[in-house]
């Protein structure tokens, strides 16, 4: 149950992020510049993304 909710939330995040990139390029550019000025947060985002991806892959592998 919880994994389906997380997958749905991730789907929403990706759709909203994509829409922001298409319809609000100026604001997305500001976010990109903020990450460029603060590389530690960019690395933290990368580590969290990798961890979340591994966690989702392991959950899917265990279900099969």
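General observations
- Test result for residue 13, part of a helix (DSSP H, G or I) and surrounded by 11 or more Cβ atoms within 10 Å (Cβ to Cβ): no
- Close pairs (7 angstrom Cβ cut-off, 6 or more residues apart or separate chains): touching a residue at least 40 places away in the same chain (Cβ under 8 Å) in segment 1-18, assigned to a helix (DSSP H, G or I) and surrounded by 10 or more Cβ atoms within 10 Å (Cβ to Cβ) anywhere: 3/59
- Restricting 5, 15 to those that are closer than 22 Å to residue 63 by Cβ and either out of contact with any strand residue (DSSP E or B) (no Cβ under 6 Å at 6 or more places or on another chain) or modelled with pLDDT under 80 (or both) reduces the list to 5.
- For segment 36-64, the set of residues classified as more than 14 Å from the chain's Cα centre (by Cα), surrounded by 10 or more Cβ atoms within 10 Å (Cβ to Cβ) and part of a helix (DSSP H, G or I) consists of 57, 58, 59, 60, listed by residue number.
- Where a residue in segment 43-60 is more than 14 Å from residue 7 (Cα to Cα) and its partner, wherever it lies, is loosely packed, with under 10 Cβ neighbours inside 10 Å and at pLDDT below 85, with Cβ under 6 Å and at least six apart: none
The values are calculated or read from the model by the stated rules, or taken from the named source; none is laboratory data. The structure presented is a predicted model; accordingly, all values stated were derived computationally and were not measured. When we count neighbours, we look across all protein chains shown, and the Cβ atoms used for this are built from the backbone with ideal geometry, even at glycine.
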